[in-house]
1. Under the rule a/c < 1.5 gives rounded, and otherwise a/b versus b/c splits prolate from oblate, where does the range 10-55 land using the Cα gyration tensor?
2. Just by accessible area at a 1.4 angstrom probe, what is the order of Tyr165, Tyr107 from largest to smallest?
3. Taking only Cα atoms, what is the 0 to 90° angle, nearest 10, from helix 84-108's long axis to the longest principal axis of the chain?
4. Normalised by the residues of the range 40-130, what does the relative contact order come to in percent, with Cα pairs under 8 Å and at least six apart?
5. Any chance you could give the angle, 0 to 90 degrees and rounded to 10, that helix 114-132 forms with the longest Cα principal axis of the chain?
6. On full extension of the chain, what length is gained from Ala186 through Ala83, given 0.36 nm per residue of separation minus the C-alpha to C-alpha distance?
7. Which whole-angstrom value gives the distance between the alpha carbon centres of the range 129-173 and the range 60-98?
8. Counting pairs of alpha carbon atoms under 8 Å apart in space and at least six apart in sequence, what relative contact order in percent does the chain give?
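The values are calculated or read from the model by the stated rules, or taken from the named source; none is laboratory data. The structure presented is a predicted model; accordingly, all values stated were derived computationally and were not measured. Surface accessibility is based on the protein's heavy atoms, side chains included, excluding ligands, DNA and RNA. Shrake-Rupley method; radii C 1.70, N 1.55, O 1.52, S 1.80 Å.
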Amino acid sequence: MTWVELIAALVSAWGVWLTTRRRPWCWPVGLISVLAYAWVFVDAKLYSDALLQFAFALLIGYGWYRWLQHMGEDGRVEVATLARQQAIVHLALGSLGALALGAFMHYRTDAALPWLDAALTAFSLVAQWWQAKRHVASWWLWIVVDVIYVGEYVYKHLLITSVLYAGFVLLAVLGLRAWQRVAKTAAPHQPGTVH
């Protein structure tokens, strides 16, 4: 399965790099990568991660549509603020989703890391939703999630993927800095928003 994992990793890295640059082509490139990774994760018995790839596929369609509605004159998507109250609600929903999916995977499947995998899945969905909505805060959540994913994938001997996710951490830091610069020039920070 190593060649599929390698191709999926390369395409994923390209998609995230395009996202850091605020380019809408990140979405179709991302679709190719999530379909390849669904196969990799089923083979590794990381079922929550496999399900996540299909959820990502749906969010990719939404994100691509959403971004195309908010393009700047420079051909890049405009960033948007995230209300603190909205962020809290989304994180609470992520926590509930993590518990529900973790319980299902723990009691109903032979998943390798049911609770951890479910939590990472739930919060990845929150981060992806925020990304589709163009929120700078998505990068903060991606950094946290991706750091933990590195450890999970090392543990599961998905070494190519663990290196990829270490690269995702670096790309998320770059994306955060780039999107923060754009947010600062676009509009002043408003009380009650998360950047």
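1. On the way: a/c = 2.93, a/b = 2.49, b/c = 1.18.
Verdict is prolate for the range 10-55.
2. On the way: Tyr165 25, Tyr107 160 Å².
Final ranking, largest accessible area leading: Tyr107, Tyr165.
3. 10
4. Details: 80 pairs, mean separation 34.0, N = 91.
With pairs under 8 Å counted, the relative contact order is 37 percent.
5. 20
6. Details: separation 103, 0.36 × 103 = 37.08 nm, distance 1.64 nm.
Using 0.36 nm per residue and subtracting the Cα-Cα distance, I get 35.4 nm.
7. The range 129-173 and the range 60-98 have Cα centres spaced 17 Å from each other.
8. Working: 285 pairs, mean separation 47.7, N = 195.
It rounds to 24 percent for the chain.
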